[in-house]
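Peer 1: Here it is: the structure, laid out below.
The values are calculated or read from the model by the stated rules, or taken from the named source; none is laboratory data. A quick note: this is a predicted structure, and the numbers were derived from the prediction, not measured. Here the Cβ is made from the backbone with ideal geometry for all residues, glycine too, and neighbour counts use every protein chain on show. To get the accessible areas, we keep the full protein, side chains included, count just its heavy atoms, and leave off ligands, DNA and RNA. Shrake-Rupley method; radii C 1.70, N 1.55, O 1.52, S 1.80 Å.
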Amino acid sequence: MAADVQEDLRPTPAASVPVLRFGLSEPGDKVHRLVLAAGQVLHIGRASNSAVVVEDGSVSAQHVELTASVEGSPQHQQLSLWARDRSRNGTGVIAAAAATSKRETRRLSSEAAEELLDGAELLLPLRLKPGQKEGAGTKRFRFVVQLNDSFEKEQLPTLLPATAAAAASNGLGGSNTAVASNAPRVEKVSDMVPSAPAAQTAAGAEIPLPAPAFSVTATAAPGSSNLPDAFDPVTGQGRWRYEARLGEGGLGVVYKATDLKGGRGEVAVKILKQHSRIQRRNARHAFSMHREAQWSVQWLHNEKDARYLAEDAALFARYLEDHTGFQDLPPFDFDSKRRHFEALDFNWVRDGPELPPQPYVVMEVVCGETLQTAIDRERRHPHPQPREDLSIEEKRRVILTGTRALEYLSRFKLIHRDFRGCNMHLVTRAKAGGDCELRVLDLGVMICAEDGLESSSNPAVQAFRQRGDTEEKRRRYDWLPWEVRASADGIGPVVNFAKPAHSFDVFSLGVLVLHLLVGKTEARAMLDRLQNDSAELVDTSSLGLDRSLVRRMLGVPAQRPDPHEVLAALANNSCSPSSTLAAQPASERLQPRTNAEAQALAAQGEVPAAAATNSDAVQPGQSGPVRSRSRSLRRSPSRGRGLSPSTQRKQQERRLRWQSAAASLNGESQTMEAVDMSQSETGTAQKVEPEAENKQAETRQAETRQTEMRQPQMRQPQMRQPQMR
């Protein structure tokens, strides 16, 4: 592909950019063959995108900077190699043997670049730690510059002006471009096509970097050259152009990438982290990544499977490709392979297979934000964006979607075991009449509920071995059921899940209900109290779930409802807010918050139960609440101006409850008088009772005053007379 582009650009061979070939040799006949174009910048250092990578903690990320300077006339241009120190520990330079008789080590300048001749030697790092000598756990790296006949200078044709402008618009041309660090070791000069002709510059000045031969619309992420099968814009090798880092979990790191050769477009690439220096021990983590990809490819998203449901399968992120190396290992049937590596007697340290150095899987990109981010934002103080809070309808939709996902997993006898807010994404929100769309991610610890796995100690099955060394860290694993926590703390027998199989994820769903209602901090405190049977659950009727059902979800495994029962409960309560209010128990109904709602309830004869049972409500034969209401109405307007909006809203709600309760009671008294005249006589008798009660109250007050007058004399202490000796 590079040769084709170079051939198309040959109509203008007059202008050219010089390119310098040179080498950096290390002891042991190891030579780094490099190509440096005019204006290009290469580095020697610890960074993965350096031209020469030195993996040592004493070497800086970009220890030495290498540039090329143009000298001579335009007809006879020559390049010279220049170096500048960019480190903290310094860089030593030894002049070439032909330049001076004494080969003394001096420090390379960090202010201005210095020219390196053939045979010059670079020493990295120059300064070691105090009291540390070379060879005592550290070493200096030596590089000898080779500018001999085998690395001669060459001329390359340039780009057409239009092509150079297009490359510059894509962010690949011009100075200070990000591709400067993405052009490391180049073996063939024909793989590079430089940009427009560079102007004459002084020694050490930076010239615009030559544009690559490939038209790339976006620059790669920094440090992505060491990622698996990364696309190199210079050589054209690789498949994935890594653009951004999306997140990191316990198993791997997820990057957003673009498929430049396979036609998949934007994808998410999950790369396995190095959990151990022993490659065989990393194999079990690679197997977990292989297994989660095959759950999607072979089971959840397999249209040929009889259990497949398109609508429910769309609730999970789809896995596209598996590059873990396990797909090439026998047995080739997924179920047989899974049972082989999940066996109790399988030893991963001894029998772990040899795998690629960087196993990874490819999945579709799921946009939006995590559900846990939305939950935490609602409880943050001060509140950043109140309008972005999840509404009650959206929370109901989240619980409904999560329950549907668990019901779909139960068709395959699968247990997610990591069903929590950080593994769910809110793709869309319920705005402008739309629906709240939720997607479930991360199948890394999912297993099948087969016999023998509930107590297996195979590391590929036992996902939770230590919750943390402090109580605060252990409380973060709040989605784990009670029966698994002792095993996760290492103080009990191995319990990966309990039967029935749905009990694990249903418990996690119940914890998610608490997170949506009160936040994760209060939910964890409530779970601690609930474990001791002393907690009173929050009212969950607003999400369409009865409080007793949620208590069963957080109870013992045998009593936890299955996802189908939870869906049925949600379906019975999935109606309009007004009908939901009427279907709720009288002690759990919502309070009206507007005058329109209060008037509608009063007209229909529906009064909130809290208003009828509230101590501030009007009761027959009592005058206390009326006095309280009159006091609140006599408050001056200036007195309420300093109240907070929440306090004013609560006062308004109390007034509405009083009005609706009074209207309901007046209507009931009129109906009672029309039905039975004897009730009026009872009412007349009740009117006389307050007068008798007032007389009795006055008598009690008089007796109390007389008692208080006698008490000082009765309680007066007797003074002791001093005795005379």
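Peer 1: Can Gly492 be described as without any contact (Cβ under 8 Å) to a residue 12 or more places away in the chain, surrounded by fewer than 20 Cβ atoms within 10 Å (Cβ to Cβ), in contact with a Lys or Arg (Cβ under 6 Å, 6 or more places away or on another chain) and assigned to a loop (DSSP other than H, G, I, E, B)?
Peer 2: No.
Peer 1: Do any residues in the stretch 260-274 that are free of Cβ contacts under 8 Å to residues at least 40 places away in the same chain have Cβ atoms under 6 Å from those of residues that are among the small types (Gly, Ala, Ser) and surrounded by 13 or more Cβ atoms within 10 Å (Cβ to Cβ), where the two are at least six apart or on different chains, and which pairs are they?
Peer 2: Close Cβ pairs satisfying both conditions: Lys273/Gly252.
Peer 1: I need the full set of residues from the stretch 359-393 which are at pLDDT 95 or above and among the acidic types (Asp, Glu), in order please.
Peer 2: Glu364
Peer 1: I'm checking my understanding of the structure. Among residues of the stretch 13-29 that are assigned to a strand (DSSP E or B), at pLDDT 85 or above and not aromatic (Phe, Trp, Tyr), which one is surrounded by the fewest Cβ atoms within 10 Å (Cβ to Cβ)?
Peer 2: Glu26
Peer 1: Further, regarding this structure: Out of all the residues in the stretch 538-561, which are under 16 Å from Val513 (Cα atoms), over 28 Å from the mean Cα position of the chain (by Cα) and assigned to a loop (DSSP other than H, G, I, E, B)?
Peer 2: Asp539, Asp546, Gly555, Arg560, Pro561, listed by residue number.
Peer 1: Against the condition without any contact (Cβ under 8 Å) to a residue 60 or more places away in the chain and open to solvent by 20 Å² or more (accessible area, probe 1.4 Å), how does Lys304 come out, does it pass?
Peer 2: yes
Peer 1: Being part of a loop (DSSP other than H, G, I, E, B) and either surrounded by fewer than 17 Cβ atoms within 10 Å (Cβ to Cβ) or of a type in the set (S, T, N, Q) (or both) narrows it down to one of Glu454, Glu450, so name that one.
Peer 2: Only one candidate passes the filter, namely Glu450.
Peer 1: Testing Ile399 on (1) touching a strand residue (DSSP E or B) at 6+ places or on another chain (Cβ under 9 Å); (2) aliphatic (A, V, I, L, M); (3) modelled with pLDDT of 95 or more, one condition comes back false. Which one is that?
Peer 2: Result: Ile399 fails condition (1) only.
Peer 1: Turning to a different aspect of this structure: Going through the stretch 35-63 one residue at a time, which ones are closer than 16 Å to Leu124 by Cβ, of a type in the set (A, V, I, L, M) and at pLDDT 85 or above?
Peer 2: Scanning the stretch 35-63 gives Leu42, Ile44, Ala51, Val52, Val53, Val54, Val59.
Peer 1: From the residues in the stretch 391-417 that are in contact with a Pro (Cβ under 8 Å, 6 or more places away or on another chain) and polar (S, T, N, Q), which one is most open to solvent (accessible area, probe 1.4 Å)?
Peer 2: Ser410
Peer 1: Something else about it: Being acidic (Asp, Glu), within 27 Å of the chain's Cα centre (by Cα), more than 30 Å from Leu34 (Cβ to Cβ) and open to solvent by less than 40 Å² (accessible area, probe 1.4 Å) narrows it down to one residue among Glu266, Glu292, Glu311, Glu248; which is it?
Peer 2: Glu292
Peer 1: Within the stretch 331-347, how many residues turn out to be among the polar types (S, T, N, Q) and either within 15 Å of Val461 (Cα to Cα) or surrounded by 14 or more Cβ atoms within 10 Å (Cβ to Cβ) (or both)?
Peer 2: 1
Peer 1: Restricting to strands (runs of 3 or more DSSP E) lying wholly in the stretch 234-324: which have 1 or more residues that are out of contact with any Gly (no Cβ under 9 Å at 6 or more places or on another chain) and closer than 16 Å to Leu355 by Cα?
Peer 2: The qualifying strands (runs of 3 or more DSSP E) are 319-323.
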